[in-house]
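Take a look at the structure set out below.
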Amino acid sequence: MNILQLRIAYADTDQMGMVYYGNYLTFFERGRTELLRDIGLEYKTIEERGFYFPVIFAECKYLAPTKYDDLITVETKLTEMSAASITCSYEVKCDGKLLVTGKTKHPFVNKTLKPVRFPKDIRDLLEKHLEK
């Protein structure tokens, strides 16, 4: 699991002073990027090897609003894995209160966007950090 702390900027909010709903997907991406970095698998390195992790599914459940200047945590876990895809789950919290939950699925693809199996070294890293 990775825990990322973010301070909500004015630019993250809408006219009502709450975080614009679409911004949570950006928070998820930042959490996922840091999770992969923590386990030794940076996006930059994956791309240099000719692979990508596009999003093919995204889900977000809003439980309570987040406001300007809140300090939030984005908890990211690798929760599912197949031969050629991963699924990450997310919890966004402020002061321990659960605000948003979500999930994203990512196939592992080559430069032509064809799904491919994980190379052994990447599979081993991901499997070691899989949480159910």
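A few comments on the model shown:
- One residue stands out among those in the stretch 66-78 that are buried (at least 16 other Cβ atoms within 10 Å of the Cβ) and of a type outside the set (D, E, K, R): the one that is nearest to Val109 (Cα to Cα), which is Leu78.
- Test for Gly50: is it among the small types (Gly, Ala, Ser), at positive phi and at pLDDT 95 or above: yes
- Checking Met18 against (1) crowded, with 17+ Cβ neighbours inside 10 Å; (2) in contact with a Phe, Trp or Tyr (Cβ under 8 Å, 6 or more places away or on another chain), the condition it does not meet: (2)
- Residue in the stretch 24-35 that is part of a loop (DSSP other than H, G, I, E, B), under 17 Å from Ser85 (Cβ atoms) and not acidic (Asp, Glu) present: no
- Selection from the stretch 84-125 of residues that are among the hydrophobic types (A, V, I, L, M, F, W, C), under 30 Å from Lys67 (Cβ atoms) and surrounded by 15 or more Cβ atoms within 10 Å (Cβ to Cβ): Cys88, Val92, Cys94, Leu99, Val100
- Of all residues in the stretch 96-132, exactly one satisfies the criterion of being free of Cβ contacts under 8 Å to residues at least 60 places away in the same chain, under 18 Å from Gly31 (Cβ atoms) and assigned to a loop (DSSP other than H, G, I, E, B), namely Gly96.
- Test: residue in the stretch 67-81 that is within 17 Å of Leu130 (Cβ to Cβ), out of contact with any Lys or Arg (no Cβ under 6 Å at 6 or more places or on another chain) and either outside any strand (DSSP E or B) or aromatic (Phe, Trp, Tyr) (or both): no
- None of Ala58, Ala11 is small (Gly, Ala, Ser) and either in contact with a Gly (Cβ under 8 Å, 6 or more places away or on another chain) or assigned to a loop (DSSP other than H, G, I, E, B) (or both) except Ala58.
- Subset tally (residues that are touching an Asp or Glu at 6+ places or on another chain (Cβ under 8 Å) and not hydroxyl-bearing (Ser, Thr, Tyr)) for the stretch 77-91: 5
The values are calculated or read from the model by the stated rules, or taken from the named source; none is laboratory data. Predicted model only: the values in this text are computed from it and were never measured. Reconstructed Cβ throughout: ideal geometry from the backbone, glycine too, with neighbour counts over all protein chains shown.
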